[in-house]
Amino acid sequence: MGDRPSLIDRIEALVEQPSEGSPDVLLEAMEHTLTDGYAEALAIEGEQLRMEREIAAGLAEAGGEAGAAHLVALSERLAELELELTRLRRLLDGLRARRESVLRGAAEPL
């Protein structure tokens, strides 16, 4: 994990990819990417929890200007993580819906 831009690109490409040919390869790529995406979402949530704890500890100490600047930086990063997580979840919802569509299409008789 850790390469969020690449993961985002993979999700977007799979959502937009036409459903031509056998759906098995597309479904396998979707499953793999969904797994990677949910793992990344959990990693972001873990990072958020660590930052929240660090912010709470910093507030308890309140160590001057340097401490305040550090808390501001942590708070800004926490806000960025929330945006990243929201975007990732939205994209994963779209990929999951697309997967369901491909599955329904694969189940239809020829």
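For every other residue with a beta carbon closer than 14 angstrom to the beta carbon of E54, add +1 if it is Lys or Arg and -1 if Asp or Glu, then tell me the sum.
My count for the surroundings of E54 gives -1.
Mind checking the dipole of the stretch 4-104: about its Cα centre, +1 per Lys or Arg Cβ, -1 per Asp or Glu Cβ, Debye to the nearest 20?
So the magnitude is around 240 debye.
Once each part is reduced to its C-alpha centroid, what is the distance from the stretch 15-31 to the stretch 66-105 in angstrom?
Result: 24 Å between the Cα centres.
Using r as the Cβ-Cβ distance of S22 and E80, and R0 as 30 Å, what FRET efficiency do you calculate, to the nearest 0.05?
Working: r = 40 Å, r/R0 = 1.33.
The computed FRET efficiency comes out at 0.15.
So how far apart, in nm, are the two label points at I8 and E100 if each is 7 Å from Cα heading toward Cβ?
Going from the I8 label point to the E100 one covers 2.5 nm.
Filter the GluC sites (Glu not before Pro) in the stretch 1-86 to those in DSSP coil with at most 11 other Cβ atoms within 10 Å of their Cβ, and list the result. Walk me through the numbers on the way to the answer.
Details: sites: E12, E16, E20, E28, E31, E40, E45, E47, E52, E54, E61, E65, E76, E80, E82, E84; in loops: E20.
In loop regions of the stretch 1-86 (DSSP not H, G, I, E or B), the sparsely surrounded GluC sites (Glu not before Pro) are E20.
We did not get these values from a lab; they are worked out from the coordinates using the rules stated. Keep in mind it's a predicted model, so treat the numbers as computed, not measured. Neighbour counts run over all protein chains shown; Cβ positions are idealised from the backbone, glycine included.
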